[in-house]
1. Of all residues in segment 128-145, which are at pLDDT below 95 and aliphatic (A, V, I, L, M)?
2. When you scan segment 174-190, do you find a residue that is under 27 Å from R123 (Cβ atoms), over 18 Å from the mean Cα position of the chain (by Cα) and in a loop (DSSP other than H, G, I, E, B), even just one?
3. Could you list, ordered by first residue, the pairs with Cβ atoms under 6 Å in which the first is in segment 176-205 and at positive phi and the second is in a helix (DSSP H, G or I), at least 6 apart or interchain?
4. Of the residues I225, I206, which is over 11 Å from L106 (Cα atoms) and crowded, with 19+ Cβ neighbours inside 10 Å?
5. Suppose we keep only residues that are among the aliphatic types (A, V, I, L, M) and assigned to a loop (DSSP other than H, G, I, E, B) within segment 206-230. Which one would you say is modelled with the lowest pLDDT?
Amino acid sequence: MTIPADTATPSAVIDRISLVLDAFEGHGRLTHAQVVRRTGLPRSSVHRILEQLVRLRWLRRNGRDYELGLRLMELGSLAVHQDRLHRAAVPFLHELHRSTGYVVHLAVLDGTDVVYLDKVGGRLGNAVPTRVGGRQPAHCTAVGKAILADTEAADFFGGGAVRTKTRYSITTAAQLRAELAKVRAYGAAFEREESVPGFGCVAAPIGEIGRAVAAVSICGPIRRISLDHRLAAPLRMTALGIWRNVEDGEVRVHPTLQQPRPSRPAPKLRPGVHAEPALT
């Protein structure tokens, strides 16, 4: 891509392109003026970048509006389907959805968010506002808590503002520490209307004990889904099957979105323990 020299150094060019593309997150279409407001970049620079991205098919223009283009969709789909973890998980995700009837997610951790690599949901999936490539605050989701159980809650929040999705979302490091202790003891994470009103989720970590690289979850209407061992058991089996399928390959999986984090061994669940965990 050739951007005029007045956009400064190559690193600044990349930063500006990234800002422009990031402006479209959560927005279907934006005008030139809206992109300027969301990025804080000069109007002339935004116009040049937008037009270059349209020519490269990274964006497309409809009248005065711009939206993400087919090339970005192609690259995003290719990245997901080339991921070894995703390939190993696909048959297990579809079988879990078939056997439970609920929405199934595969997700990894990216900073303080989870990013969804796959979603299998049928008609019920339309009622759950998640999408492949979408993000949610990790501490508000079952998949996020399943992965975060290997980290320290105090380090996770880092003293910054805590994002919440609903009135049930965790809001303090102490609450998160207590919740993650339950996850480590039980081997599964639970979420009751913490990210989406009216829905609950159960999730299990994928990876070696104490070194989760991803998580798989089942989500459904809070009045119907069983947030206890009845779903936790098949989820743990699914997570184990996915990881064994990954390990059958010659190279161990390290998802590119996964951020390095210090880990510590998780206590094993005592045989025969099926007590229902306390839920938030």
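1. Passing the criteria: V128, V132, A138.
2. Going residue by residue through segment 174-190, those that are under 27 Å from R123 (Cβ atoms) are 188-190.
With the extra rule that they be over 18 Å from the mean Cα position of the chain (by Cα), the set shrinks to none.
For segment 174-190, residues under 27 Å from R123 (Cβ atoms), over 18 Å from the mean Cα position of the chain (by Cα) and in a loop (DSSP other than H, G, I, E, B): absent.
3. G187/R236
4. Answer to the selection: I225.
5. Only one residue fits best here, namely I209.
The values are calculated or read from the model by the stated rules, or taken from the named source; none is laboratory data. Treat the numbers as computed from the prediction; the structure is a model and nothing was measured. Cβ: placed from backbone, ideal geometry, glycine included. Neighbour counts: every protein chain shown.
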